[in-house]
Structure formats: C-alpha cells, structure tokens
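Take a look at the structure set out below.
The values are calculated or read from the model by the stated rules, or taken from the named source; none is laboratory data. Since this is a predicted model, take the numbers as computed values, not measurements. Cβ placement follows ideal geometry from the backbone for every residue including glycine, while neighbour counts extend to all protein chains displayed.
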Amino acid sequence: MGLPGHHPQDDLLFGYAGGGLREARSLLVATHLAYCPSCRERVAAFEAQCGAWFDETPSVSADGHLDAILERLHGRLGAEPRASVPPPRPRPATAEAVPEPLRSWLDGPVRDRVWTAMVPGVWVSSWSRGTGGSLARLLRMAPGVTVPAHRHEAAEMLLVLEGAFRDEYGRFRLGDLIQYEPGSDHHATGDEAGECICLLLVEGEVVFLDEPGPTA
C-alpha cells in the first residue's frame with residue numbers, strides 16, 4: 001500500500017513530543033506514527049533536541065511562544081541530521097490489523113464494536129476515547145457511500161485504518177491523517193473497492209448542512 005501521504009502538522013507533532021496533547025489527539029498521532037517512519041523521525045528529533053533549545057529561545061509573549069519555538073526548530077531540523085528511530089513493531093498479518101497503541105485500547109477486532117448508523121451505510125462506534133471536549137471514535141463507510149455534507153465548528157481529524165475515501169480535499173488511504181480546520185465544509189465518500197474505517201476525532205459541534213447526497 002505504500003507509506004502515508006498526509007501527515008500531522010508540525011504543531012501537532014511538537015505537542016505530542018512534549019506530552020502536551022489531550023488523550024484523544026495523542027492516540028490519533030501515536031497511531032499515525034505506527035504507519036509513518038518520516039513522522040517518527042520528526043517526533044524523535046523534537047524529543048531529542050527541543051529541550052536544549054528552550055533555554056536558547058528568547059523570551060516572547062505567551063501568544064507567540066510556540067510559533068517562536070517551532071521557527072527555531074524548523075531551522076535546526078533543516079540544518080542537522082535527524083535522530084535515528086528504531087523500526088516500528090510489525091503489525092499482525094490479519095485483515096483487521098490495527099497498530100499499537102490503538103489495538104490495545106480497542107481490546108478486540110474492529111468489527112466487533114457496537115455500531116450506530118448515522119445514515120444508511122455510515123456508522124460510528126459506541127467505543128470512544130477522550131475527555132475535555134476532544135473525543136475519538138471509529139467511523140465506518142460502506143463502499144461508495146457518502147457521509148452527509150457537514151461543517152466543523154472546531155477541529156476534526158481522520159486517520160485511515162482500512163480502505164480509502166475521498167472528499168473535496170483529495171483521496172486518502174491507509175495511515176493518512178487528515179486535519180480539517182474549524183469552519184471547513186466537506187463530505188467524504190468511501191472508495192468503491194471496499195469498506196473504509198477511520199479513527200475519527202471531533203472537537204466541538206458538527207453541523208450537517210443538507211440531506212445525504214447520492215452515492216458515488
């Protein structure tokens with residue numbers, strides 16, 4: 001299937017490296033890292049080098065603190081070799097394999113979850129993880145079925161665990177992590193080749209804009 005082509009933004013990786021993410025966001029990033037060697041390298045570089053750079057960063061206002069640190073890190077990461085990262089543990093060779101840490105948190109096969117239909121052919125899991133207005137759960141799309149168009153009042157992220165889907169922003173497949181900005185609209189359609197299962201993170205309200213569109 002190849003390596004992921006869509007990755008977390010640097011502020012998300014930096015927050016993960018520093019232990020500053022909420023539980024649901026941390027789970028999403030950690031699961032993406034199991035698929036993505038380039039992001040593992042970037043996180044390892046942040047972890048290995050940012051501690052010393054905090055001391056070198058000039059005092060800035062609270063609003064500009066993270067931007068100043070990231071700007072400094074970007075310059076150093078471009079000029080210095082990346083830290084070596086051990087290879088990930090192999091995933092089991094099963095049709096429903098999901099990597100750690102998500103596999104342990106699910107405590108069973110993906111399809112053994114209890115699913116609730118949003119619309120015909122689109123389901124969300126009763127299983128969820130998260131606190132403080134940041135919630136992760138599983139999203140499942142039947143082949144060719146479209147999720148109703150909706151707007152994100154706050155952040156939404158999707159990590160593809162099986163299959164693929166497409167929307168206004170591109171086509172996404174195994175291991176891809178997609179971040180939707182607050183206020184963005186989209187509707188996802190599962191690939192015709194098979195079901196698509198994603199780890200979904202939602203923060204805040206999701207506003208559905210119309211009735212479900214026709215299947216692709």
- Scan the range 151-161 residue by residue and report those that are outside any loop (DSSP other than H, G, I, E, B) and surrounded by fewer than 18 Cβ atoms within 10 Å (Cβ to Cβ). Arg151
- Pick out the one residue from Arg111, Arg173 that is surrounded by fewer than 17 Cβ atoms within 10 Å (Cβ to Cβ), out of contact with any Pro (no Cβ under 6 Å at 6 or more places or on another chain) and not assigned by TED's automatic domain parsing to the domain that holds Tyr35. Arg111
- Subset of the range 199-216 that is at pLDDT 50 or above and not hydrophobic (A, V, I, L, M, F, W, C) - its residue that is nearest to the chain's Cα centre (by Cα): Glu203
- Message: For a quick check of your reading of the model, give me the residue pairs whose first member lies in the range 108-132 and is without any contact (Cβ under 8 Å) to a residue 24 or more places away in the chain, whose second is assigned to a loop (DSSP other than H, G, I, E, B) and surrounded by 10 or more Cβ atoms within 10 Å (Cβ to Cβ), with beta-carbon atoms closer than 6 Å and at least 6 apart or on different chains.
- Response: Pro109/Glu96; Ser125/Arg113; Trp127/Arg113
- Verdict on Arg171 being free of Cβ contacts under 8 Å to residues at least 24 places away in the same chain and more than 21 Å from Ser128 (Cβ to Cβ): yes
- Query: Quick check, is Arg111 within 21 Å of Ala24 (Cα to Cα) and in contact with a helix residue (DSSP H, G or I) (Cβ under 9 Å, 6 or more places away or on another chain)?
  - Reply: no
- Across the range 114-141, what is the number of residues that are crowded, with 18+ Cβ neighbours inside 10 Å and not in a strand (DSSP E or B)? 2
